[in-house]
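As structure tokens, the structure follows; a few thoughts come after it.
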Amino acid sequence: MRRLLRNLRRLLTGLGIVLLMVAAVVTGILWLTLPPRSQQARIPGLTGPVDIGFDADGIPRIHAASAIDAAAALGFVHARDRMFQMDLMRRAASGRLSEIAGPATLDYDRTMRTLGLRRRAVDDYAALPADTRAVLEAYARGVNAWIAARGRFSAPEFLVLGAPEPWQPSDSLLWGETMGLWLSYNWRTELSRLALSGRVPQPKIDELWPPSGGPGQPEAGIAPMRNFARAAGDLLAVGDLLSILPRFPDPFTLPDTASNEWAVDGHHTATGAPLLAGDPHLAFGFPGIWYLARIETPDGVLAGATAPGVPFLVLGHNGHIAWTFTTTGADVQDVFIETPAGDGQYQTPDGPRPFTVHEERIKIRGEPDQMLTVRETRHGPVISDLHPDGDRILAVAMANLAPGNTAAAGLLALNRAKDVEAAGKAAALITSPVQNMLVADRQHIALYVTGRVPIRRSGDGAAPVPGDGSHDWTGWASGDQLPHYIDPPSGRLVNGNERIAPANFPVFLGRDWFGDWRSQRIRELLDRSDRLTAADFAGMQLDVRSTFARQILPVLLAVPAATDDVARRSQALLKDWDGSMTMNAPQPLIFNAWVHHFFGLVLQQAGIGINDSGPLAEFVAYVLSPAGAHWCGGDCTATLQQALADAVRDMAGRFGNNPAEWRWGDAHPAVFAHPVLRGLPILGAFSTLSIPSPGDDTTIDRGGPAYNQFQSVHGPEYRGVYDLADLDRSLFIMAPGQSGNLLSRHSRDFLTRWRDGTTITLGAKPDTTTATIQLTP
């Protein structure tokens, strides 16, 4: 027995030593994917040496002899810290995710191949001005220098996948193509309306996006859909098509579009110079979308948020002007129902025309390749071929897919602009996506709408329309034809994604608009002082008081008290609450759970799925108003009581029976998850960053909660405040960190500071230099 135990101990000791050795080898290999603290590299085409220093947060300061050299250097540092993110972006946009992920992403790849983002990026690149192509080419040389030096050690993920392919200049355009999809959603809304028609009364379909979404008069309705949708047939196939179309920006989350921006002129600041603030809201992920950098050349400085894969500054300042963006929400997509004409043709106003056909080979990890036949009509790609069970041919027209996309040239011009007027000219070149670009120089503030908005022969773009020419796009509105405001008499400009122009604006921008919940609160805070500072603006970006909650709270409090003790105590806690979505309070959780359950109940009673609805807050506010009470049969009391009971039962099961001890932060962590690893055991937990957070979908400090789950999955990964009196005093923060390598402390070292509102500056000289790179020709 002793000998057996002794042998067992020896065996276990030996196994332990082997496991430790394996762990040490794996750790050592992974450690080699971290960039060195000091590095030298050669990049073809440089005109001189480039010096790069990284501060204590991993933010590079690039010093280059020319803008072209700076672009190459930016490509090098982007690849250094975010190469897998860049490769994943181009794979997703190109429809090549299944090469690494297997059949799970096949529907996504089929959609991207059908839309043809890569083909369009290649064509657009060839048509760009020479100076823009030169910047894109220099950036690609920088990326490829990193790949050549590091190979499969470019990032931990490539240890399994193999070294990334060389970066092509046109790959950088895929980021803009992707953003065009992220920030436009109308094609899905149109298909949802079509799928609902015939089984849901048309007025209710109209009201899923409530008819008054901003300043001006309520909409007149969506009459063009009403007669046609009833005759469309095969609505089941439309629903099936919707079920396989990915929701952007990724296939796993369901965010709404949102962002904040505001500016005041010098009459409202302590310095006498304008202030500008901006925080774009996109889906959270690891790593984040943005990458901070400061770039200095003899031509000037660029400081702020870059996007890995792109050689331009997207948000920030250039020493002369500062700028930011929010999504306009303009309708730049239409679904057309084409009429087949036999023999591979479809009907047009000029007679039958053959489909344009592309054959696509999709490689699938672990499975044989699949061939995909992509058909296009004169309107655009035939998306119904993705689920060809119905008889209808559905083609989608998208402004971001139209030829002549000059967004890259527009961003380059914006980076070079010296004043508001030059920025306005650059805005006209940014053809996609349609955005509200807020800009300030040392004397002026302005808002320009970028992009191209289609001019329709008829209709309001609310639902699929016949492809017979009656609803064709006849041209574009852009530049000065779109809304723009320069030095308004009020001395301030504000947008939180609400309607940017009145309903009677000469160019039809769309039917569906978000409410102005955040903008209302921004204006309230701006009214408090005419001596505003950058610190005041940064504080405003952390505000979590909801004007939506304040609006509907009286209705909730008027509901007769529940007989259930937990429900009664929960409702009582909302009395005297000011609508602040703070982490350490129960009221935000009670409120949001009640509202979410009410939203779901109302839709369920109408036979409508959550994915076919419009925005939650706008719809709930409408239903709880006299105009929308018919959704509850004229009185919403019973539905509100049932929703409260369901919500309290759900929350009690998760957080206990004492609602006073519930905490919003416990239910509402901000979650930043790796797009590939998050679904894997052990690695998923290691690659998911989570932190309790305040705010909700209607607060300035926005934390868009997943429906009935409450995790914050969508919000301001980046915040910037720009002081035009001294742009080096501008304030920045982002989440979760600069690096995309989970082994790096810079992968998450901004997370707590971002949540708590700490900011940094990007001045010329950092306090500490922790790493250096010297690039030579």
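Details
- Criterion (exposed (fewer than 11 other Cβ atoms within 10 Å of the Cβ), of a type in the set (A, V, I, L, M) and at pLDDT below 95) met by exactly one of Leu32, Leu12: Leu12
Okay, residues lined up against (1) closer than 23 Å to Pro156 by Cα; (2) crowded, with 21+ Cβ neighbours inside 10 Å; (3) among the aliphatic types (A, V, I, L, M); (4) in contact (Cβ under 8 Å) with a residue 60 or more places away in the chain:
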site	(1), (2), (3), (4)
Pro36	yes, no, no, yes
Gln40	yes, no, no, yes
Leu46	no, yes, yes, yes
Pro49	no, no, no, yes
Gly58	yes, yes, no, yes
His63	no, no, no, yes
Ser66	no, no, no, yes
Asp69	no, yes, no, yes
Ala73	yes, yes, yes, yes
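- Residues of segment 630-661 that are of a type in the set (A, V, I, L, M), open to solvent by 20 Å² or more (accessible area, probe 1.4 Å) and over 13 Å from Pro586 (Cβ atoms): Ala638, Ala645.
- Conditions (1) assigned to a helix (DSSP H, G or I); (2) within 30 Å of Ala341 (Cα to Cα); number of the one not met by Ala409: (2)
- Enumerated strands (runs of 3 or more DSSP E) restricted to segment 245-344, each holding at least 1 residues that are without any contact (Cβ under 8 Å) to a residue 60 or more places away in the chain: 300-306, 340-342
- Here Leu394 does not fit the description of being open to solvent by 10 Å² or more (accessible area, probe 1.4 Å), in contact with a helix residue (DSSP H, G or I) (Cβ under 7 Å, 6 or more places away or on another chain) and within 25 Å of Trp476 (Cα to Cα).
- Only listed residue being outside any strand (DSSP E or B), on the phi < 0 side of the Ramachandran plot, crowded, with 20+ Cβ neighbours inside 10 Å and modelled with pLDDT of 95 or more, chosen from Asp697, Asp728, Asp701: Asp701
- Residues in segment 45-88 that are out of contact with any strand residue (DSSP E or B) (no Cβ under 6 Å at 6 or more places or on another chain) and in a helix (DSSP H, G or I): 17 in all.
- Hey, Tyr722 of a type in the set (Ser, Thr, Tyr) and open to solvent by 30 Å² or more (accessible area, probe 1.4 Å) or not: no
- Pairs linking a residue in segment 537-555 that is among the charged types (D, E, K, R) to a residue that is surrounded by fewer than 19 Cβ atoms within 10 Å (Cβ to Cβ) and in a strand (DSSP E or B), with Cβ atoms under 8 Å and 6 or more positions apart or on different chains, are Arg545/Ser580.
- Out of Thr752, Thr759, one residue alone is closer than 30 Å to Thr699 by Cβ, open to solvent by 20 Å² or more (accessible area, probe 1.4 Å) and in contact with a helix residue (DSSP H, G or I) (Cβ under 8 Å, 6 or more places away or on another chain). It is Thr759.
- Residues in segment 300-326 that are closer than 19 Å to Gly496 by Cβ and open to solvent by 10 Å² or more (accessible area, probe 1.4 Å): Phe325 alone.
- Verdict on Thr373 being touching a helix residue (DSSP H, G or I) at 6+ places or on another chain (Cβ under 8 Å), of a type in the set (Val, Ile, Thr) and outside any loop (DSSP other than H, G, I, E, B): yes
The values are calculated or read from the model by the stated rules, or taken from the named source; none is laboratory data. Just so it is clear, the structure is predicted and the values come from calculations on it, not from any experiment. With ideal geometry, Cβ positions are generated from the backbone for all residues, glycine too; neighbour counts draw on all protein chains shown. What goes into the accessible areas is simple: the full protein's heavy atoms, side chains included, and nothing from ligands, DNA or RNA. Shrake-Rupley method; radii C 1.70, N 1.55, O 1.52, S 1.80 Å.
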